[in-house]
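The values are calculated or read from the model by the stated rules, or taken from the named source; none is laboratory data. Just so you know, these numbers come straight off a predicted model, no measurement behind them. Cβ coordinates were reconstructed from backbone atoms using ideal geometry, including for glycine residues, and neighbour counts include every protein chain displayed. Just so you know, the surface numbers come from the protein's heavy atoms only, side chains and all, with ligands and any DNA or RNA stripped out. Shrake-Rupley method; radii C 1.70, N 1.55, O 1.52, S 1.80 Å.
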Amino acid sequence: MPSVMVRRNEDGKLLFYVAKKDLEEVITAVERDTPEEWGGEVTLSDGETFYIDPISPPPTFPTTLRFKRVD
Amino acid sequence: MAALTREETQNLIAEVLAIYPEKAKKDRAKHLMVNDRSLETAKKCITSNRKAVPGVMTIRGCAYAGSRGVCWGPIKDMIHISHGPVGCGMYSTMGRRHYMNGTTGADIFGTINVTSDFQERDIVFGGDKKLKAIIDELEKLFPLVKGYTIQSECPIGLIGDDIESVAKVKGAEIGKTIVPVRCEGFRGVSQSLGHHIANDSIRDWVLPTLDGDDSFETTPYDVNILADYNIGGDIWPSRMLLEEIGLRVISQVPGDGTLIEMQRSTKAKLNLLHCYRSMNYVSRHMEEKYGIPWMEYNLFGPTKIEASLRAIAERFDDQIKEGVERVLAKYKPQWQAVVDKYRPRLEGKKVMLYVGGLRPRHIIGAYEDLGMEVVGTGYEFAHNDDYDRTIKEMGDATLIYDDVTAYELDEFVKRLKPDLIGSGIKEKYQFQKMGFPFRQMHSWDYSGPYHGYDGFAIFARDMDMTLNNPCWKEIKAPWQRAAAPASVAA
Ligand code: SF4
């Protein structure tokens with residue numbers, strides 16, 4: 001359950017950053033991304049996927065959230 | 001064009017590694033790569049931030065060095081106590097040349113080294129009492145000091161002293177900021193974790209102090225300069241440029257900086273991050289908690305200055321944009337004269353670098369402005385993201401090395417035969433004796449500043465002075481010179 005900072009990069013894309021793992025990747029897909037909620041399965045540009053219970057209303061970025069790794 | 005083709009560079013790596021035992025070879029191979037500019041990330045090609053292979057000569061430091069020496073050291077109106085045995089304090093002797101303005105003992109304390117000088121009895125009975133006594137004593141000796149940091153050396157973590165509680169109790173008693181930093185040297189694989197720990201201590205013990213206090217008057221143009229350490233005075237020309245384009249620098253953290261600047265940094269509109277590696281953590285935190293965006297910038301050499309100032313202006317209104325154009329026009333004749341003078345003397349020369357947090361990529365532009373080419377570069381303690389940022393700066397098929405060992409660097413230099421090497425004090429004399437012109441690129445070799453237009457002129461002069469020094473011709477004994485002219489019989 002890594003603690004992840006999600007922030008926007010210069011192009012407005014969401015970045016997934018785990019300091020301890022030296023991981024910083026663009027989020028390429030979010031399962032649920034609507035005005036009501038944000039979350040579910042999240043795919044990164046390197047192909048890894050993580051899961052977070054959908055948050056409603058959607059969080060404002062940057063923020064730190066806890067994700068689960070999906071194998 | 002690189003000195004070697006991709007294949008040749010790959011062969012070079014293989015040849016150099018051949019001497020290692022199987023396991024070490026496998027491990028070290030992951031830390032060396034041939035650059036490929038088409039890559040988006042370096043992750044697949046180079047491994048970094050790993051423990052050095054036992055038995056090889058690495059030139060890394062420890063977490064304590066990263067916190068005491070790098071991140072906290074330049075904060076000038078606090079006393080940084082090296083808590084533990086006396087030896088580690090070597091990292092605080094200002095050999096790094098982070099300059100500070102002021103009068104020692106009155107408003108700056110950077111030149112004063114304080115250690116708790118642990119003895120056997122402190123290890124056995126704990127050093128908390130001693131720490132309290134030290135703070136009392138310092139309060140008497142230097143009543144004007146604004147605060148303290150407690151920089152833990154290895155034994156503190158091993159014996160489990162509670163420096164946090166000392167910091168809280170004493171801080172309340174004397175009414176000053178005391179920051180406990182858990183930067184014991186055994187944490188992490190290099191000084192890099194020390195930076196992170198120092199950042200976390202700033203986040204927890206310094207930044208929140210002005211939360212809810214809006215008495216500081218702000219303007220829309222307030223910025224912080226983060227992670228410029230003022231080596232040889234670097235931050236001063238940087239600050240002058242930023243002010244000239246119309247920004248207001250409200251804090252310098254930590255170069256030539258103070259505690260109150262650090263605290264006020266939460267009131268800025270933008271964080272300008274110079275060394276990404278050492279202070280990106282606190283920048284990210286300030287973005288999340290205070291909504292202050294951050295951006296990296298680079299003030300080495302006119303090309304990068306121009307790009308950086310324009311990028312900074314993008315974050316502000318037309319007034320700043322006009323300011324940038326005005327400044328660029330104003331300084332063009334100044335730097336053009338530098339280029340005209342030195343480029344003919346340096347054109348086409350090859351450089352190899354091996355430095356710390358940001359210079360292996362940041363100074364490439366300055367060399368290119370002088371017509372020089374960087375054929376090999378590498379970091380002591382970088383992480384993946386640093387290499388991601390390096391790939392695009394370096395030419396194709398150039399060599400990139402992570403935590404390079406003394407042996408590997410020697411061999412690479414022998415084969416690539418650069419005209420100039422830029423690295424640290426540990427490499428300096430070895431390469432000079434091998435006959436290679438060398439600049440110490442951590443402390444600017446007793447020179448500097450190198451930032452901004454003023455710094456660029458000094459940079460160019462220094463490189464020329466070193467590279468074209470006639471002494472390099474005299475390194476070989478006369479009878480060893482190949483094409484020595486036949487001596488005239490007397
Ligand atoms: S590793 Fe430990 S003992 Fe060595 S210099 Fe660093 S803090 Fe001191």
Please work out the C-alpha center-to-center distance from segment B:202-222 to segment B:251-277 and express it in whole Å. 11 Å
Give the Cα extents of segment B:63-210 along the principal axes, in whole Å, largest first. 38, 33, 30
Name the shape class, rounded, prolate or oblate, that the alpha-carbon gyration tensor gives for chain A, where a ≥ b ≥ c are the square roots of its eigenvalues, rounded holds for a/c under 1.5, and otherwise prolate holds if a/b is larger than b/c and oblate otherwise. rounded
Over chain A, with a Gaussian network built from C-alpha contacts below 10 Å, which listed residue (A:E36, A:E25, A:E48) shows the highest mean-square fluctuation? A:E36
Counting other C-beta atoms within 10 Å, and keeping those with at most 11, which DSSP coil GluC sites (Glu not before Pro) do you find in segment B:160-262? B:E217
Euclidean distance between Cα centres, segment B:5-67 to segment A:6-40, Å: 30 Å
Could you order B:S38, B:S165 by accessible surface area, starting with the largest, using a probe radius of 1.4 Å? B:S38, B:S165
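Of the beta bridges DSSP finds with both residues in chain B, what % are antiparallel, to the nearest 5?
Expressed as a percentage, antiparallel bridges in chain B total about 10.
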Expressed in angstrom and rounded, the centroid-to-centroid distance over alpha carbons for segment B:101-139 and segment B:435-472 is 37 Å
With a 1.4 Å probe and ligands and nucleic acids left out, the total accessible area lost when B pairs with A, in Å² to the nearest 100, equals 1100 Å²
How high is the relative contact order of segment B:261-403? Use alpha-carbon pairs under 8 Å, at least six apart in sequence, and give a whole percent. 20 percent
Quotient of Cα Rg and 2.2 N^0.38 Å for segment B:330-388, N being how many residues it contains: 1.32
Find, among the GluC sites (Glu not before Pro) in segment B:1-57, those assigned to loop by DSSP (not H, G, I, E, B) with at most 16 other beta-carbon atoms within 10 angstrom. B:E40
What GluC sites (Glu not before Pro) does segment B:327-424 have in DSSP loop regions with at most 13 other beta carbons within 10 Å? B:E347
Where does chain B land on the Kirkwood hydrodynamic radius, alpha-carbon pairs, in angstrom? 24.0 Å
Mind scanning B:K269/B:K341; B:K146/B:K289; A:K20/B:K433; B:K30/B:K341 and naming the pairs with a C-alpha gap bigger than 31 Å? B:K269/B:K341; A:K20/B:K433; B:K30/B:K341
Of the peptides B:102-111, B:122-131, how do they stack up when ordered by the mean number of other Cβ atoms within 10 Å, highest first? B:122-131, B:102-111
Summed residue charge, Cβ within 14 Å of B:Y290's Cβ, Lys/Arg positive, Asp/Glu negative: +1
Provide Rg and Dmax in Å for the protein assembly as shown, with only Cα atoms included in the calculation. 24.8, 97
